[in-house]
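Input: a single structure, listed below in structure tokens.
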Amino acid sequence: MHLSSVHSAEEERFIVSGIRQSSDYSAGAVYWLGVKVQRPGQNFSWVDGSIFEYQAWPPYNDTEDMEEACLGVQWRTSPVPSQPSGLYWSQHKCAVTGGYICKRRLNPEHILKNNTVEGNSGELSSPNYPGLYDNDVDYWVHVSGPPDTRLVFVFNSIDLEYQNDCLYDFVELKDGLSSKSSRYCGSLGETRWVATSNQATLHFHSDYNTQGSGFSLSWRAVELAGCPFQTFTSKEGQLRSPNYPQFLLPGLDCTIDILAPSGKRIFLNISHFDFGYGTFANGVPINVSEAIPEDTFLEVQIDPDSTPIRPFVDSKILTNGLFVSQSEIMRLRLRTGENVTGAGFLALFKTVSYLNLSHVLELSDRSSGRLSAPNWPGSPPLRAKISTRILAPHGHTLSVAFAKTRLVAPPSKTWPCGEGKGWIEVKDSYTDNNGTEWTLCEVGRGSRMAESSAPLVINSYLHSLAVTQHAGDRGVSIDVLLLVRKDPEYHNKLLLIPEETNLESCYPNPCLNGGLCASDDTKNFCQCAGYYTGRLNMTHRMSSIRTCCVKIIFRQVFSVC
């Protein structure tokens, strides 16, 4: 739509009649047409590019030439009785306030047909996107995905005429099975909308004026694995929330049962969890807030008769994503509210008889946390060996405080805490060549009054400790406070590391500067990627190689390497 051009007396009479009938008509007002003259003497031309032939100046035309003049229609009073007064063309400064005479096509420029699209994904946009859309458009697209899916729409951009209630121009999405709908207008960036089923309808509407570039979106059908119910009987597998890792879908209520063979149990590790209030990566919280949503949660039931456990409600527990069933069945329930945020969850499961688990807890820049047994705050698992290697940032050491435990010295090799009872083993691999080990027993409720109530504190020599829980016919309740402390002597300690030092593990790779962690029959060690090329003799060169390897063992960069 643009300012009008006039090409015949019939068009001029139509315009004059429309002005007179307008409720806003004023005899002194100027109503602009589509002509602009930059300088005196310049030929007139219509802004729509049409030929300027017809004219409707008054017979007593007394218009003065002026800079940057625009053409309008205005009431002109005849200077003599023999000539009629009326609405004629007149030339004015373009800054004069006035009305506008606009023209639009009788039919839209782009022929639109309502459409139905089917499939797993696609893209939709307004007519002529990213150019201006037409006026007076009503356009519908019905989108259909495969059965047992939900449609997810993501607007890349929206640029429509704005109105508080989106009554003028809008794009609207309506659910196929419910009354859910959302209408959008104005200027918006990425915007998401999720249907409750595999059916939805898009409606694009524009009124008679004011255009924009329109909208562009992508859509896809998301499989609803586990919704409303799913059962796994495989030996191992992966679980994830629908649409992971993009974002959680609203309105989910999904139940997943994992069944193990008779006599076996299920081990579950939730490796990534993001339900909108923070992220937990392998148990370690990142940017967690205290506002935990009540209508969005994940529950784990380790036994049909046990109370469901909600993981990651306490950000201090760093091992809250580990679960072991008490029998052959474990149940998970995922529920989300309408205003859910976050990426969802990813978990791994495996059926086991005796659980022998080793995992790494990298604290990065976190200064404190707590270590607990799997199933926290429920009952710890039986018949299990769970080894947790705790890694602090380099240049730091660990301080671990064990509550409700006692030190056993010298320990019995078979059952240090009594037959059938579990125990805790702590190892610092770098205090000397073979490391140092401590064995702890849980103090029973009846003995806690007699035992010292002070926690047992163990400090690491460098930045790592290994804590292993040995559970027999009774589980081990473990409550360990972890503190990370900066160690000003850390670098000096590294320089004193003996050449025969055995790395406690090659995972994650402890060697920097391109070094590789290798193993032989006796130890793990770092292999440097290259040699020092300075002006040193062979003895010094070999010494530099060894020093470089030792110094990068713990991912600490030194300039001499």
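The values are calculated or read from the model by the stated rules, or taken from the named source; none is laboratory data. Keep in mind that this is a model prediction, so the values were computed, not measured. Every residue, glycine among them, receives a Cβ derived from its backbone with ideal geometry; neighbour counts consider all protein chains shown.
Descriptive notes on the structure:
- Residue check, PHE323 within 22 Å of the chain's Cα centre (by Cα) and in the same structural domain as ALA260 (by TED's automatic domain parsing): no
- If the condition is being at pLDDT 90 or above and not in a strand (DSSP E or B), then segment 135-148 contributes GLY145, PRO146, PRO147, ASP148.
- When the residues of segment 194-209 are filtered to those that are without any contact (Cβ under 8 Å) to a residue 60 or more places away in the chain and polar (S, T, N, Q), the one that is surrounded by the most Cβ atoms within 10 Å (Cβ to Cβ) is ASN198.
- Selection count where residues are surrounded by fewer than 16 Cβ atoms within 10 Å (Cβ to Cβ) and either closer than 17 Å to LEU249 by Cα or in contact with a Phe, Trp or Tyr (Cβ under 6 Å, 6 or more places away or on another chain) (or both), scope segment 169-181: 3
- Residue check, SER144 in the same structural domain as LEU188 (by TED's automatic domain parsing), touching a residue at least 60 places away in the same chain (Cβ under 8 Å) and closer than 30 Å to ASN243 by Cβ: no
- Residue satisfying all of: in segment 407-431; surrounded by 13 or more Cβ atoms within 10 Å (Cβ to Cβ) and touching an Asp or Glu at 6+ places or on another chain (Cβ under 6 Å); nearest to LYS385 (Cα to Cα) among these: LYS427
- For GLU67, the conditions (1) over 12 Å from LEU33 (Cβ atoms); (2) touching a Leu at 6+ places or on another chain (Cβ under 8 Å) are fulfilled apart from (2).
- Selected residue [of a type outside the set (A, V, I, L, M, F, W, C), outside the structural domain of LEU132 (by TED's automatic domain parsing) and surrounded by fewer than 19 Cβ atoms within 10 Å (Cβ to Cβ)] from SER90, SER50: SER50
- All positions within segment 53-87 that are surrounded by 15 or more Cβ atoms within 10 Å (Cβ to Cβ), of a type outside the set (A, V, I, L, M, F, W, C) and within 60 Å of the chain's Cα centre (by Cα): GLY72, GLN74
- One residue stands out among those in segment 1-36 that are aromatic (Phe, Trp, Tyr) and either touching a Cys at 6+ places or on another chain (Cβ under 8 Å) or crowded, with 19+ Cβ neighbours inside 10 Å (or both): the one that is modelled with the lowest pLDDT, which is TRP32.
- Within segment 149-166, the set of residues being in contact (Cβ under 8 Å) with a residue 24 or more places away in the chain, in contact with a strand residue (DSSP E or B) (Cβ under 7 Å, 6 or more places away or on another chain) and in a loop (DSSP other than H, G, I, E, B) comprises LEU160 only.
- All positions within segment 383-395 that are within 21 Å of PRO508 (Cβ to Cβ) and surrounded by fewer than 20 Cβ atoms within 10 Å (Cβ to Cβ): SER387, PRO393, HIS394, GLY395
- Total residues in segment 252-266, condition crowded, with 17+ Cβ neighbours inside 10 Å and within 25 Å of SER181 (Cα to Cα): 2
- Qualifying residue in segment 104-113 (condition: modelled with pLDDT of 85 or more and basic (Lys, Arg)): no
- Segment 417-441 residues that are on the phi > 0 side of the Ramachandran plot, paired with ones that are among the acidic types (Asp, Glu) and modelled with pLDDT of 90 or more (beta carbon under 6 Å, 6 or more apart): GLY435/ASP428
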